[in-house]
Structure formats: structure tokens, C-alpha cells
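Notes to accompany the following structure.
The values are calculated or read from the model by the stated rules, or taken from the named source; none is laboratory data. Model, not experiment: these values are computed from the prediction. Neighbour counts run over all protein chains shown; Cβ positions are idealised from the backbone, glycine included. When the accessible area is computed, the model is the full protein with side chains, heavy atoms only, and any ligands, DNA or RNA have been set aside. Shrake-Rupley method; radii C 1.70, N 1.55, O 1.52, S 1.80 Å.
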Amino acid sequence: MSGIRRAVFASDLHLGSNATLDDFTRDVEFAALLETPQLNPSGDDRLDLVLLGDSFDLWQAVSEDECHQEESKRINLAYVPASEAVRLDEVRAKHLRWFEAVGRFAQRPGCRLVVVPGNHDHSLIDPTVQASLAGHLGLSGSPRLSFVNFYEDPTLRVYADHGNQYDRNNTYDDFARVDWKQDCPGYYFVKLFLNRLESRDPRIDNSPSGWGAVWHWLRRTLNFKLLAMAIRYYWQYSTDRRVPKRITPFADQPIAENPSTRGVPGHPAAPALLVAGRSARSTERFFSADPEMEEFLRGAYDASREVRLAVNEILAAQGSREGVRGTERGTARRRGPQRKPTGRPLSGTPRPSTRRRPEVPKPMGALRGVAATRGIAGPPEDIAWAENLFSEKPYFRDRLAPEAFRYVVFGHTHDALERRLSNGATYLNAGTWAAEDPGLPVVVAECPPGGAPTAKLLRLKDGRLR
């Protein structure tokens, strides 16, 4: 008689190597998870442990030197599978206990380890990086280790992938290709912007919505020195010519007027209008499309010399570029080096003043350091992604049939949840182990002999899944 069929999904562990940026501190707890009864099959039981993407944070497995570069152009964006394997070596060196525990797990009778790539460890699609991981786990050439882009099991009636392919900021046009010039928008944002900010304040959370969380956090803390760095680094990221595609912030409408985001606890938009140039700005929207972020940055500009300097640097650079373009249009046939309107060579940029510039609008009200509270209205975005798997063709396969797949599992958003879909199927998100959460989430799908499959979101507490 066949035994229990079970799959356990853990997502977004974010094991890293950098002492400051590494979000995973749960080596002991993960080893305890592997000792729970659900992960110790007996007899004819069969178990898959599915690491559902972003298990390893190769975007943030970077040196301290990279984290403290003041110019984004000095940060190397290029990588190849061999260099990604080296990053994985460094992750293993910091998390030996985790690697040893997972390797022992996969050697148990009836157990298999399934690794699904996410966006932060997308290079796991490459055989070189896969071979490196297999070696670190003691599973080279073993059938007990599988690498797949998505997971499905007809007995459990479950479909799972990381979920990043449905997120416009973290999707790959060609998921099967390893090429830094074709990476998703989030890669360039993390490498050039977020890593440098998070190294200075690790409380800035690493998440798919990290670009919004940064500005939200800076509003709460009123750390004007860090805010000035954020403005400067965001400008560098936004103007780095090596970046082929950039993250998409909120729509053009202010948050309060945008039906898709109205009522959702907000992450204020980045100062997109400021970096977009003079033609994109107005007296009402000088820094940001979000009115609360706009007011905050106006107040910060008035209150902080450091913020004024950072903003003035951007305005001066934009003015110089616009002046150079105008000069070049008017003197296209002239020979010799072009100069800025100030008469200085193009390479000689004067240091801007910290005085208030007249074009920067003044605050309309009091400076507020804490974001306004919004009531929740509407489901999280990843629920819509799950719904669409049944109505549109997913990235990795044909669309799902409700009678064949009763459970859909994603990670990526870091928000553990369980929700019934409109067609009666159930969507589960496996959450993250990178947050400071006492209850560590996993999704457990199982089917007893001759029974119906079930899937539940459980949490590891006191060494037990419940």
C-alpha cells in the first residue's frame, strides 16, 4: 500500500554572505524544521522539500567595498555563471549549518530536495551554478536533488513557482537566459541603490517592494543624512547608462487618486519627478507623484542642509545637461570641445550651494515624519496573479485547469497568506524567513492513501509545525 504523499514549500530564505546585508539568521530554526514529523517520512511515504525561490540572495552577496561606493559607476554589474558560483561559495561559508542540515535531509529515504529559482537567485537556472550548489550539499549527481523552474504534482493537485514572473519589476523576458544585460529591473535597483542604503541602515527591509519601503522608512525615521544619500544614489541609479530597464514606481496619478492602490497601506513613491528632469516637474509635483511624499521632501529640503545639497547637485547637473544639449544644437557645425553655459569644461562640475534654490517649492504644511494610516481595500496583488493562472497562460506552462489544480503556491511578496480564489481553488503564499517573525511560515501539501489532497499554511513554533 502506498504511503502519504507530501510537499513542503519554504520560500524567500535570502541566505547571504555580507555581514550587514544578510537577511537570514534562522540556520538553527531551519535545521529544527527538518526534524519535525512532517519532514521525516516513514515506510512508503514520499516527501519533497521545495525551496521556492530566493533561497540564496546573490544580489546582496556583495563586498563591503561595493556597499560603500559613493559613485554607482564604480559598482560592477556584470556577472557570469562562474562568478555567481563564487557568490554561492561565500554564502555556504557563512551558513555551513544550513547546508549540512539540508544535505542530510535529502539523504533520508523517501526524501527529495527541489530547488526553484527566484529573481535573487535566478542564476540557479545555469548548470554551473547548479553543480556548485549540489556539491555544497553533498548531492552531486544525486537523483535526490532536482532543479525546476516550477513545481507541480497531480496527486497533490498543486502548482507552485516563485511568482516573480508576474511582477513587472522582477520579471525576465527570457527566464532561461543568464545575462546581466538582460536581468530584471529589480537587479539594477538593488545593486546600485538598495545595497548601499541598507548597508547604512539594515532595518530597511529587503523585499520586492523595497524601493517603496526605503522612502517610507526614511519618512518615519527623519534621518536626513540617510535621506540625502538616498536621493543622491537614486539619481545615480536613474542616470546610469548601463541600466537597460528600471523599476516602475506608482502610476502617474497620486496614490489617493489611483483606484488600484487606494486604501492600501502605502509605500510613498520615489522622487521620480525630481530625477525625470525639469520638463516633468511642476510646482505641485516637484519631487514625487505621491502627495504625502512630495510634502515630506519639501519639508526635508527646508530643514536639512544635507538634503538641500543632494537636491541642488541634481538640479545643477540637470541644468548643465540641458544647457549642453542646447549649446550643441546651436553649434553643431563648430569644432573643438563643447563647454557648459558657465564657461567651465564639461568635466569640471562646480560643487552646488546648500542655499535654497528658488525653483524648489516650499512646504504647504507641517513636516510629518510618519506616513498617514490607510485602511485596507482590495486584495494583495499576488492574489490577482494566482487568479490569472487559470484564465491566462502562465509564463512556464499552459493555463491551469481548476479541476486539476486546487492549490497554487507562490513566494516572492514575503507576505504569508491563504486565500480562496473566485473559482474555488486556494492560493497560498509561503512568505519569508528573512523577517523578524517568531512564527516561520511554510506551506504543507499532502495526500493520504486513497484520500483527498489538502494544503495549509503552517508556522514553525517551538520546534513544531502548527
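Solvent-free Debye calculation, one equal scatterer per alpha-carbon of segment 1-131: log10 I(q)/I(0) at 0.16, 0.17, 0.21 Å⁻¹ equals -0.83, -0.92, -1.26. In a reduced charge model with +1 at each Lys and Arg Cβ and -1 at each Asp and Glu Cβ, segment 27-76 shows a dipole moment near 160 debye about its Cα centre. Look at the dipole of the chain built from charges on Cβ: of PRO449, THR221, TYR407, the Cα furthest out on the positive end belongs to THR221. Positive-end ranking of THR248, ASN18, PRO81 along the dipole of the chain, with charges on Cβ about the Cα centre, is headed by THR248. Rolling a 1.4 Å probe over the protein heavy atoms gives segment 61-159 an accessible area of 42 Å² per residue. Under the convention that each Lys and Arg Cβ holds +1 and each Asp and Glu Cβ holds -1, the size of the dipole of the chain around its Cα centre is about 2160 debye.
Dipole check for segment 36-145: with +1 at the C-beta of Lys and Arg, -1 at the C-beta of Asp and Glu, and the Cα centre as origin, the magnitude is about 520 Debye.
Element breakdown for the chain at a 1.4 angstrom probe: carbon and sulfur atoms account for 49% of the accessible area.
Rounded to the nearest 500, what is the chain's calculated 222 nm mean residue ellipticity when only DSSP H runs of at least 4 contribute -39500 (n - 2.57) each, over all residues?
Result for the chain: -8500 deg cm²/dmol, rounded to the nearest 500.
Shape of segment 380-458 from its Cα gyration tensor (a ≥ b ≥ c, root eigenvalues): rounded if a/c is under 1.5, otherwise prolate when a/b > b/c, or oblate? Oblate.
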